[in-house]
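Peer 1: Below is the structure I would like to discuss, written out as structure tokens.
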Amino acid sequence: MKILIGFFAFSVGFYLALWHLDQGLMNFYDFVAVVLVIVGSFAASYMTLPALPFKKVLKTIKNALLQDTTSKRDILARDMIESLKNSGSVIETKTGVLSLSYGIYNDGLEMIDLGFSKDKIKELLEKRVRQSASDTMKVSQWLRSAAKYPPAFGLMATVMGMVHLMRGLSNGAGSEETGVRMAVALIATFYGILVSNVLFSPLGERIKEELQEAVTLAELAIEGVMLKIDRSNMLVVQEELNSYLDESSRLNVLSEVA
């Protein structure tokens with residue numbers, strides 16, 4: 001969601017800049033620039049696509065674009081406390097940044113029922129967190145790496161525009177036509193910078209930030225599973241889970257349900 005809000009803010013700024021310069025949007029359109037930057041960047045990015053199911057890549061990008069990325073630690077902590085009060089009942093899986101942690105917690109409860117040892121459960125759950133984090137990081141690194149392609153293709157289109165300009169000069173093009181061809185050549189560089197810095201780079205960084213929060217939530221979920229195995233009393237559970245939360249978000253659910 002932050003990516004979409006940021007893109008909207010940029011669009012407003014771009015519109016205000018055009019208004020101040022008394023320029024129309026079509027003055028910044030060029031077919032050659034669009035084709036080379038967009039199609040070229042897509043082609044190069046596809047060549048370096050990570051070896052993951054394409055649905056997983058799309059889901060990761062979709063979550064970064066649409067999901068609310070505010071902290072969810074208090075939600076997870078509250079749900080786990082309620083679960084532990086009910087003798088370790090499974091909690092409903094959620095989407096977005098919470099999906100990994102809820103899956104880890106429910107998997108841990110299942111392993112407890114299957115009779116796995118505490119050390120084995122912790123080992124398996126941590127391994128699943130690492131694998132999921134590794135896959136997500138690949139998508140983030142791919143997008144951040146792909147950010148270098150649009151400026152390169154923009155420069156390519158600019159070079160083509162300059163060649164077109166020079167040929168026009170050699171054929172006796174006037175000053176007005178020369179100015180137009182120069183502007184068209186420079187627009188391609190603008191497109192490359194735009195796509196790189198408004199789309200690829202922010203999206204890659206957003207996924208990286210979400211990953212860090214998802215891993216923290218998963219660690220919180222593993223802590224909840226360990227507390228279940230140790231059969232800790234609810235006061236200990238509450239204080240252990242509150243150690244993962246900001247002071248303003250800490251829970252006191254024991255007083256809420258007597």
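Peer 1: Sorting Tyr15, Tyr149 on the 10 Å Cβ count, fewest up front, what's the list?
Peer 2: Tyr15, Tyr149
Peer 1: Okay, next question. Would you mind ranking Leu169, Leu143, Leu65 so that the residue whose beta carbon has the fewest other beta carbons within 10 Å leads the list?
Peer 2: Leu169, Leu65, Leu143
Peer 1: I need the phi-derived Karplus couplings for segment 214-220: 6.51 cos²θ - 1.76 cosθ + 1.60, θ = phi - 60°, integer Hz, Gly and Pro marked x.
Peer 2: 4, 5, 4, 5, 5, 5, 5
Peer 1: Explain nothing, just compute: Karplus ³J(HN,Hα) = 6.51 cos²θ - 1.76 cosθ + 1.60, θ = phi - 60°, for every residue of segment 120-137 in order, whole Hz, x for Gly and Pro.
Peer 2: Once θ is set to phi - 60°, the couplings for segment 120-137 become 5, 4, 4, 4, 5, 5, 5, 5, 5, 5, 4, 5, 5, 5, 4, 5, 5, 5 Hz.
Peer 1: Which trypsin sites (Lys or Arg not before Pro) in segment 47-135 pass both tests, a DSSP loop state and at most 16 other beta-carbon atoms within 10 Å?
Peer 2: Lys94
Peer 1: Between segment 96-154 and segment 1-73, what is the C-alpha centre distance in whole Å?
Peer 2: For segment 96-154 versus segment 1-73, the Cα centre distance is 25 Å.
Peer 1: A further question on this structure: State the answer as a single residue: which of Ser232, Met162, Val129 lies farthest towards the positive end of the charge dipole of the chain, with beta carbon charges of +1 for Lys and Arg and -1 for Asp and Glu, about the Cα centre.
Peer 2: Met162
Peer 1: List the GluC sites (Glu not before Pro) within segment 24-129 that fall in a DSSP loop (any state other than H, G, I, E or B) and whose Cβ has at most 11 other Cβ atoms within 10 Å.
Peer 2: Glu92
Peer 1: Straight-line reach from Lys120: which lysines fall under 25 Å, measuring Cα to Cα and dropping same-chain residues less than 8 apart?
Peer 2: Cα-Cα hits under 25 Å: Lys85, Lys228.
Peer 1: What does the helix-only formula give at 222 nm for the chain: each DSSP H stretch with n ≥ 4 adding -39500 (n - 2.57), the total divided by the residues, and the result rounded to the nearest 500 deg cm²/dmol?
Peer 2: Roughly -24000 deg cm²/dmol at 222 nm, from the helical runs in the chain.
Peer 1: Rounding to the nearest 20 debye, state how big the charge dipole of the chain is about its Cα centre with +1 on each Lys and Arg Cβ and -1 on each Asp and Glu Cβ.
Peer 2: 760 debye
Peer 1: Please list 3J(HN,Hα) in residue order for segment 36-41, calculated via the Karplus relation 6.51 cos²θ - 1.76 cosθ + 1.60 where θ = phi - 60°; whole Hz, with x for glycine and proline.
Peer 2: For segment 36-41, the Karplus-derived couplings read 5, 6, 6, 5, x, 5 Hz, x marking Gly and Pro.
Peer 1: Only Cα pairs under 8 Å and at least 6 apart count here; give the relative contact order of segment 2-255 as a rounded whole percent.
Peer 2: 31 percent
Peer 1: Cut-off is 10 Å between beta-carbons; in what order do His164, His20 appear when sorted fewest neighbours first?
Peer 2: Fewest to most other Cβ atoms nearby, the residues stand as His20, His164.
FYI, it's all coordinate maths here, none of it is from the lab. Only a predicted model underlies this, so the values are computations on that prediction, with no experimental measurement involved. Methodologically, a virtual Cβ is constructed for each residue, glycine included, from the backbone with ideal geometry; neighbour enumeration extends over all protein chains shown.
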